[in-house]
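Here the structure comes first, spelled out in structure tokens, and everything after it is commentary.
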Amino acid sequence: MELKDKLKILADSAKYDASCSSSGSTRKNKSGFGNVAFSGICHSFASDGRCISLLKILMTNCCIFDCKYCLNRKSNDIQRAIFTPEEVCQITMNFYRRNYIEGLFLSSGIIKSPDYTMELLIQTISLLRKKYHFGGYIHAKAIPGASEKLLKDLGLLVDRLSANVELPTENGLKLLAPNKKESNVSKIMHYVNTNQSKKYVPAGQSTQMIIGATKESDLEIMEKSANLYSNYQLKRVFYSAYIPVNQDSLLPTLEHPPLKRENRLYQADWLLRFYNFKVKDLLDEKNPNFNILIDPKADWALRHLNEFPKEISKCSYYDLLKIPGIGVKSAKRILSSRRVFKISFEDLKKMGVVLKRAKYFITCNGKYFMNYAFFQKEFIERNLVLEEKIPLNKIHEQLRFFNE
Amino acid sequence: MNNGCFIYEDTFVHLLNLIFYLIQNHLKPENIKNTMYTPNLLDHVIVLKIEKNPEIISKIITSMGSFTFRSIYYVFLSDVDNKELIIYYLLLNGVKYKEKVLYHRNLKCVEKTINISRYVLHEVHKYKGFLRFKELENHILYAEIEPENDILFMVSHHFQRRLKNEYWIIKDVKRKIVSIYDKKKYYLVSEENFSLETTKLSQKEIEMGELWKTFYKTIGIKERKNDRCRMNFMPKKYWKYMVEMEDIL
């Protein structure tokens, strides 16, 4: 098989993995070939608007598992391919030299056994690091079920190591991925978390969940994420809207992938990590799913309207973060600026506050932006829903590929 | 002497010296321009003899902080029309507000300084990703860029560290400057003083370009196709020099 055909098959099988970030690690160019920028660099954007930072490929798409949702499952009759370690190195080095990529994202179907597969990954990456002196970013997938020794070896070679949870509950896994065990994934996460250092997986670990393949509610998904963040200090949980690639009676039939739901989950994920929100603030047994029409923070604000409007010139940093339309950056800007002058609505706009949402929830120097009689839930809600239709492309870069 | 158009000698240090001279002598410039400027009939052009004292830089850093200084420098690198005047007003306020000057976001010059320096840094960051090298017959890596702002040396600085064991050349097509790296240092040369021995691509080049295009086309998920989103993050002006976009343009 020609190299081009192999690349086509093995990139096609890898594309459903959402993670492509190359951030969180920094390495100086000692070896002579390549370094890592802490902020991460996007090298291109694909036709779906997602960033391309890493050469995202599978070592092989051969797999002994039969997960219902996966293109590469054993029972699918598709063309199979496998890279040699030398081939992966050649492509990576040539792409990196031409500045096509920031590094390599290497995952794999499980061939023969978890240990065998993991050894193949280690062999490839160690060739790349030691023979080719590659100093760029490497993200590798840990293979669930492989031995601890191999996990240790692989972690010393890469910047980021990850294992995918895939489905938020054990029941979902039993149904759709009968060969996978939750405990195998948490074993990896626990090991990486306890051993993480500047030398071992410096950029930390991440994981991914498929959204909409099983019946879990947003509440269950968010609780799972919150646990992952607090138990294993994950850098990121990625959510991936389920795209039907297989026909199976156990799988839902969807016309479109649930992109908006995915968008809401990312927004809520940010609220957990940077805005001091807890899952129970956003969702509960009565409302286990996010409002598709309004973003989670605005939705929360509408349910707690008695805490608003907040006065920009007085309220604390954490209160500023609770205001829809104000983010971490703009909150910090407000703090530093309000000491030196009186902030007006016009100034807020210059500071990056999304005024079309924030204006309903704030006062500037005691003034509301319009007649205070309109400070009512129904009125604000209606206006927010209308404004949501405007593309949200500027809220946060990381949400970029979820805009419909 | 008020209300004139002051001319500086094209360098950042000279501009700073001139501005401080103006501030100290309470002269309010109508405009500040470099020597390339062709005055119109109404301009009252003033050329002052002012020394180029680099100590001015540490003076600004001590009184206004290094972040403020860097922001001013990025404004200087930008292609914004009246950037010199923006720098003048920022320094004028900087004398008054010291290291807190950038907190005064209600001032027009502060708002502009912050926005322009972000615009310049943003472009540098984009080119770190979107620049594409092609390998020439003699193994030299060659790239062309067309940035809005004067950022060739900042881009070069990045690649000096990243590809330190390669010979590479980056050309700013718009400004006609070339950056040449010889595995030790990079040099900025004007296009007139520079010629390539060969512009023939290496044998491998076509094959690698094809391989990259294959990857690029494969990695997009067709169920999530979103041209607008792609355009937002990768505007069309960058496409011209990107291998993977050749077929799409």
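Take the Cα of B:Tyr37, step 7 Å toward its Cβ, do the same at B:Glu51, and the gap between the two points is 2.5 nm. The separation of region B:187-202 from region A:52-109, counted between C-alpha centres, amounts to 38 Å.
Computed from the alpha carbon positions, the gyration tensor of region B:5-120 leads to an equivalent ellipsoid with semi-axes of 22, 16, 13 Å, biggest first. In this simple spin-label approximation, B:Tyr119 and A:Asn383 carry label points 7 Å from Cα along the Cα→Cβ vector, and these lie 3.1 nm apart. How much FRET efficiency would the formula 1/(1 + (r/R0)^6) give for B:Val189 and B:Arg228, where r is the Cβ-Cβ distance and R0 is 45 Å, rounded to 0.05? Taking R0 as 45 Å, the efficiency between B:Val189 and B:Arg228 is 0.65.
Against the 2.2 N^0.38 Å scaling, with N counting residues, where does the protein assembly as shown land? I'd like the Cα-based Rg ratio to two decimal places. Before the final figure, lay out the partial values.
Details: Rg = 27.5 Å, N = 653, 2.2 N^0.38 = 25.8 Å.
The protein assembly as shown yields a ratio of 1.06.
Put a plus charge on the Cβ of each Lys and Arg, a minus charge on the Cβ of each Asp and Glu, and nothing anywhere else: the dipole of region B:5-120 about its Cα centre is then about 500 debye. Computed over the protein assembly as shown, the per-residue total of -39500 (n - 2.57) for DSSP H runs of n ≥ 4 gives a 222 nm mean residue ellipticity of -12000 deg cm²/dmol, rounded to 500.
Placing +1 on each Lys and Arg Cβ and -1 on each Asp and Glu Cβ, with no other charges, gives region A:296-402 a dipole about its Cα centre of roughly 380 debye.
Shape descriptor for region A:114-265: Rg over Rh equals 1.00 (Cα atoms; Rh from the Kirkwood inverse mean 1/r).
Quote the FRET efficiency, to the nearest 0.05, computed for B:Glu146 versus B:Asn3 with a Förster distance R0 of 41 Å and r equal to the Cβ-Cβ distance.
Working: r = 37 Å, r/R0 = 0.91.
FRET efficiency, B:Glu146 to B:Asn3: 0.65.
For chain A, A:Cys20, A:Cys62, A:Cys63, A:Cys89, A:Cys315, A:Cys364 stand unpaired, since no other cysteine beta carbon lies under 4.7 Å from theirs. Taking the centroid of alpha carbons for each part, region B:111-136 and region B:25-61 are 28 Å apart. Spin-label model, A:Ser217/B:Lys28: points 7 Å from Cα along the beta carbon direction are separated by 6.6 nm.
When +1 charges are put on Lys and Arg Cβ atoms and -1 charges on Asp and Glu Cβ atoms, the dipole computed for chain B relative to its Cα centre reaches about 1040 debye. Relative contact order of region A:147-242, taken over Cα pairs closer than 8 Å and 6 or more residues apart, is 34 percent.
Placing unit charges on the Cβ atoms of the charged side chains and taking the dipole of region B:131-201 about its Cα centre, the candidate lying farthest along the positive direction among B:Ala143, B:Phe159, B:Ile170 is B:Phe159.
Accessible surface of B:Trp212, taken over heavy atoms with a 1.4 Å probe and every protein chain present, rounds to 0 Å². Helix B:66-77 and the long axis of chain B differ in direction by around 70°, with both axes built from C-alpha atoms. Using R₀ = 60 Å, calculate the FRET efficiency as 1/(1 + (r/R₀)^6) where r is the Cβ-Cβ separation of A:Glu346 and A:Lys198; round to 0.05. Calculated transfer efficiency: 0.85.
The values are calculated or read from the model by the stated rules, or taken from the named source; none is laboratory data. Since we're looking at a predicted model, the values are computed, not measured. In this analysis, Cβ positions are derived from the backbone assuming ideal geometry, glycine residues included, and neighbour counts consider all displayed protein chains. Remember, those area values only see protein heavy atoms, side chains included, never the ligands or the DNA or RNA. Shrake-Rupley method; radii C 1.70, N 1.55, O 1.52, S 1.80 Å.
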